[in-house]
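The next block holds one structure in the form of structure tokens; read it before the comments.
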Amino acid sequence: MVNLNVDFCGVKFENPLVLASGVLGVTAGSLARVVELGAGGVTTKSLWRQPHPGHKNPVMFGTEHYFMNAVGLSDAGLEKGIETLTELKEKTDAPLIANIVAAKIEDFGSIAESIDILQPDIIEINISCPNVESELGKPFACSRTDAAAVTKIVRSRTRLPLAVKLSPNVENIVDIAKSVVDAGANAITAINTVGPGMRWNIDLCSPMLANRVGGISGPAIFPIAVKSVFDIHAALPNTPIIATGGINSGRDVLEIMMAGGTLAGVGTALYYHGDDFWKNAKAEITEWLDENNFKNISEVIGIFHKK
Ligand SMILES: Cc1cc2nc3c(=O)[nH]c(=O)nc-3n(C[C@H](O)[C@H](O)[C@H](O)COP(=O)(O)O)c2cc1C
């Protein structure tokens, strides 16, 4: 029998597949359902202290190769977030990753402190959304100093394991990863969406997204995610990574774990494959591990680096 359990910052996951932030994870019911379908853990969408409206519709579209979204981090604010997390903890024991966001560096501290009271298993800090630039400016993940400052302030308000979610849209993601680990992060999530990008409808002469620009996710960004995870693991072999970005099959999960991921974040694949994704990916992973004589999935983490 193949063992799919993984340990991530001392938290036990039944399998390494976790729901990525913002995709389906809106209500406690939808998050709990993802666990029932086979996810090892779930991430909430980004939680704000105050209600945040997000962008106007249309906010999303998909093609054969990628999705683009400009949801704009819409959220009902802390009161609703607390309700959702409390209800979710009653529904499932699966590890819960609470993703937080704020517009100003100092505001990350207060949202982290409020979320800490609910004791999720891990806090993920979103400093890397590329579709809110017109509103919030360049993401903090684009600057070593800003990324470290956010991490430091959150670190001072909670003892929970912290994963900082990084952007691929930078000159050197490894430099940013090092700076957040030096500032107290326990883990890295890599990557958020790529871009921003832009598409237009030529018949209507109108942009595909009301916001005009959006973040790119799905299969087209998988090679960027694999390289980001590979480079971060090479530089920081003892820092676990929630490897995310374009994962679309069980084989993709194995590949990105072999590049250095400990968990595998899955988002856009659910738009392509629906509810069956979790079951099918796990079956594909188990079969491959069995055929290749691995007893534990954790044995594959980072094996590309030994080649
Ligand atoms: C519709 C949509 C909403 C998202 N919302 C969030 C969010 O609220 N917070 C966040 O950190 N990332 C958010 N993301 C980014 C995903 O968590 C993930 O990092 C990215 O989509 C790449 O993974 P994927 O290709 O598997 O979707 C969102 C992505 C999509 C497609």
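A few comments on the model shown:
- Residue ID - farthest from residue 89 (Cα to Cα), chosen from residues in the stretch 37-60 that are basic (Lys, Arg) and either within 13 Å of the ligand (Cβ to nearest atom) or touching a Ser or Thr at 6+ places or on another chain (Cβ under 9 Å) (or both): 49
- Pair list, Cβ < 9 Å and 6+ apart or interchain, from the stretch 1-21 residues that are over 12 Å from residue 95 (Cβ atoms) to residues that are among the aromatic types (Phe, Trp, Tyr) and surrounded by fewer than 24 Cβ atoms within 10 Å (Cβ to Cβ): 2/294; 4/13
- Residue match in the stretch 136-155 (condition: surrounded by fewer than 21 Cβ atoms within 10 Å (Cβ to Cβ), in contact with an Asp or Glu (Cβ under 6 Å, 6 or more places away or on another chain) and in a loop (DSSP other than H, G, I, E, B)): no
- Extreme residue, farthest from residue 264 (Cα to Cα), among residues of the stretch 186-196 that are part of a loop (DSSP other than H, G, I, E, B) and within 15 Å of the ligand (Cβ to nearest atom): 193
- Counted as qualifying within the stretch 5-115 are the strands (runs of 3 or more DSSP E) with 2 or more residues that are under 19 Å from residue 151 (Cβ atoms), modelled with pLDDT of 95 or more and not β-branched (Val, Ile, Thr), namely 96-100.
Per-residue answers, yes or no, for (1) over 30 Å from residue 195 (Cα atoms); (2) among the hydroxyl-bearing types (Ser, Thr, Tyr):
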| residue | (1), (2) |
| --- | --- |
| 13 | yes, no |
| 16 | no, no |
| 20 | no, no |
| 33 | yes, no |
| 63 | no, yes |
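- Positions within the stretch 281-307 being surrounded by 14 or more Cβ atoms within 10 Å (Cβ to Cβ), closer than 26 Å to residue 32 by Cα and not charged (D, E, K, R), in sequence order: 281, 285, 286, 297, 298
- Residue in the stretch 200-214 that is over 22 Å from residue 53 (Cβ atoms), surrounded by fewer than 16 Cβ atoms within 10 Å (Cβ to Cβ) and in contact (Cβ under 8 Å) with a residue 24 or more places away in the chain present: no
- Qualifying residues in the stretch 65-107 (those that are within 14 Å of the ligand (Cβ to nearest atom) and more than 21 Å from residue 124 (Cβ to Cβ)) - the one surrounded by the fewest Cβ atoms within 10 Å (Cβ to Cβ): 65
- Which listed residue, of 295, 282, is touching a Gly at 6+ places or on another chain (Cβ under 8 Å), touching a residue at least 40 places away in the same chain (Cβ under 8 Å), of a type in the set (Lys, Arg) and under 25 Å from residue 11 (Cα atoms): 282
- Single residue of the stretch 263-275 satisfying the filter (of a type outside the set (A, V, I, L, M) and touching a residue at least 40 places away in the same chain (Cβ under 8 Å)) that is farthest from the ligand (Cβ to nearest atom): 275
- Extreme residue, surrounded by the most Cβ atoms within 10 Å (Cβ to Cβ), among residues of the stretch 236-262 that are part of a loop (DSSP other than H, G, I, E, B) and within 11 Å of the ligand (Cβ to nearest atom): 245
- In the stretch 197-235, the residues that are within 13 Å of the ligand (Cβ to nearest atom) and in a loop (DSSP other than H, G, I, E, B): 209, 211, 218
- Residue in the stretch 263-293 that is nearest to the chain's Cα centre (by Cα), counting only those that are among the small types (Gly, Ala, Ser) and not in a helix (DSSP H, G or I): 265
- Every residue from the stretch 156-185 that is assigned to a helix (DSSP H, G or I) and without any contact (Cβ under 8 Å) to a residue 60 or more places away in the chain: 173, 175, 176, 178, 179, 180, 181, 182
The values are calculated or read from the model by the stated rules, or taken from the named source; none is laboratory data. Here the structure is a predicted model, which means the values were calculated and not measured. No Cβ is skipped: glycine too gets one built from the backbone with ideal geometry, and neighbour counts run over all protein chains shown.
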